[in-house]
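Since the structure comes first, as structure tokens, the remarks are kept for the end.
No lab work stands behind these numbers, since they all come straight from the coordinates. Here the structure is a predicted model, which means the values were calculated and not measured. So basically every Cβ, Gly included, is an ideal-geometry build from the backbone, and we count neighbours across all protein chains shown.
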Amino acid sequence: MKSLSPKQRQALEAILRSLRQRGMPPILDEIAEAIGVKSRFGAFRHVRALEQKGYIRRLPGPRGIQVLKDPSGNPLPPEEQVGYLPLFDRVTAGPPVLAREEVVDYVPVPAAWLGGGEGFAVRVASDSMAPTVTRGDIVIVRRQPVAGSGDIVVALLEEEAVLKRFAREVDTILLVSDNPAYALITFPRGEGIQILGKVVGLLRRFNGSVSSQSSQEELHRV
């Protein structure tokens with residue numbers, strides 16, 4: 001394990017302190033202030049060095065930092081490793097799915113849920129998947145372009161993203177709603193559909209807050 005410079009150690013300690021005290025990683029401006037550098041770029045250089053040395057893993061978004069090791073180089077146990085995913089109120093076509101300006105908050109999830117990959121979270125606006133997923137729930141999505149029958153997926157249909165259960169029959173892809181009031185959507189030969197990711201978890205909070213400090217919440221693996 002490569003040793004840390006004093007500034008790199010300070011940056012890692014600032015990240016850990018923010019996680020423990022506020023429930024979320026700091027942004028670059030906050031890291032810069034904590035370690036006494038004048039610019040976001042100066043903070044970024046130290047954060048990048050932490051990633052290169054294996055102490056953290058960067059995720060999409062300004063607060064996307066997952067701590068892997070403490071300042072002494074000891075790996076954090078899996079149950080303590082947490083990733084912070086950007087939360088979106090909607091999903092749009094192409095790369096904007098992770099556009100910074102569309103992020104409304106950050107959601108802490110066990111890093112193991114993503115299997116080493118990337119992910120994002122989406123607030124559900126429809127009741128088409130009720131009672132499994134209800135309006136206002138937050139789904140945790142692992143980014144992947146394929147799915148298996150029975151998986152709940154976020155799929156892009158032209159310019160519209162939908163949350164449905166994926167199924168395949170011979171050469172036809174089916175998108176099924178758990179709510180029987182919604183019609184089945186079919187795609188012969190799988191044309192006209194893009195899988196953005198598979199739902200791996202669900203965050204249901206009773207007070208409407210997305211604060212990780214809230215005690216009124218349930219996090220479920222799907």
222 nm [θ] for the chain, helices only, -39500 (n - 2.57) per DSSP H run of 4+, per residue, to 500? -5500 deg cm²/dmol
To the nearest 10 degrees, the tilt of helix 6-22 (Cα long axis) against the first principal axis of the alpha carbons of the chain is 50 degrees
Suppose the chain between Glu118 and Arg90 were pulled fully straight at 0.36 nm per residue; how much longer would it get relative to their current alpha carbon spacing? 8.3 nm
For the stretch 1-91, with only Lys/Arg (+1) and Asp/Glu (-1) charged at the beta-carbon, what is the dipole magnitude about the Cα centre, in debye rounded to 20? 320 debye
Relative to the present Cα-Cα distance, how much length would full extension add between Leu16 and Thr134 at 0.36 nm per residue of separation? 39.1 nm
Gained length - Glu159 relative to Asp178, 0.36 nm times residue gap less alpha-carbon distance: 4.6 nm
Which value, in debye to the nearest 20, gives the size of the charge dipole of the chain about its Cα centre, when Lys and Arg are +1 and Asp and Glu are -1 at the Cβ? 1020 debye
Of Pro26, Ile185, Ala14, which is farthest on the positive side of the dipole of the chain, counting Cα position, with +1 on Lys and Arg Cβ, -1 on Asp and Glu Cβ, and the Cα centre as origin? Ala14
How far, in degrees from 0 to 90, does helix 40-52 lean away from the longest principal axis of the Cα atoms of the chain, to the nearest 10? 80 degrees
Give the relative contact order (percent, whole number) for the chain; include only Cα pairs under 8 Å separated by 6+ residues. 14 percent
